[in-house]
Amino acid sequence: MVNRMGWMVVLVVAGLVVAGCGGGDEASTEAAGAPTLRDWVTQADEICVAGDQEIDQVAQETFSEGQPSAEEEKQFVTETVLPNVEAQVEDVTELPRPEGADGDRVTEFVEIAQEEYDAFAEDPSVAEGQGDPFAESAEQGQELGLQECAT
């Protein structure tokens with residue numbers, strides 16, 4: 001049986017998977033059209049916020065009539081959270097990246113986020129209990145200056 005708190009953790013964690021919000025203090029040198037780290041963070045934030053709003057809206061509609069069954073929670077994760085987070089990871093991966101060391105850090109972040117998403121998609125129950133299936137990408141995102149979605 002799926003633990004209700006486990007699926008609620010999934011909802012919270014899904015918002016942490018990808019991107020973040022602006023304001024990072026670090027910026028790479030702008031070169032030949034490559035974005036700065038701050039620009040990349042801003043663009044990634046737009047993707048993350050839009051995806052999270054979609055998840056939140058469906059969650060409010062789905063769970064508005066009280067405590068959902070374990071099956072309803074599982075269905076929500078497989079039909080709403082997973083496809084949405086997958087799209088966020090893909091969209092952030094496709095963003096132009098800064099050059100140099102910042103670009104390398106961004107590449108590492110998106111690779112880790114993809115790996116963690118793949119593991120989560122294969123077995124969403126990994127989010128049950130105390131575990132955070134996106135802990136490594138969240139930490140990496142914080143180091144990049146991402147705030148909202150990487151905390």
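Under the 0.36 nm per residue contour assumption, what length would be gained going from the current alpha-carbon distance of E139 and A119 to full extension? Please list the in-between numbers first.
Values: separation 20, 0.36 × 20 = 7.20 nm, distance 1.72 nm.
Length difference between fully extended and current span is 5.5 nm.
Given H placed on each backbone N at 1.01 Å, which residues far from A34 in sequence or on other chains put an amide H within less than 5 Å of it?
For A34, whose amide H was placed from the backbone, there are no distant partners under 5 Å.
What does the C-alpha gyration tensor say about the overall shape of region 67-151? Classify as rounded when a/c is under 1.5, otherwise prolate if a/b is larger than b/c, or oblate.
Numbers: a/c = 2.62, a/b = 2.02, b/c = 1.30.
Verdict is prolate for region 67-151.
Residue farthest toward the positive end of the dipole of region 35-144, with Cβ of Lys/Arg at +1 and Asp/Glu at -1: which of V89, Y117, Q67?
V89
Taken together, the values in this text are just the output of simple stated rules run on the coordinates, not laboratory data. These figures come from a predicted structure and were not determined experimentally. Please note: Cβ atoms are built from the backbone with ideal geometry, for glycine as well, and neighbour counts cover all protein chains shown.
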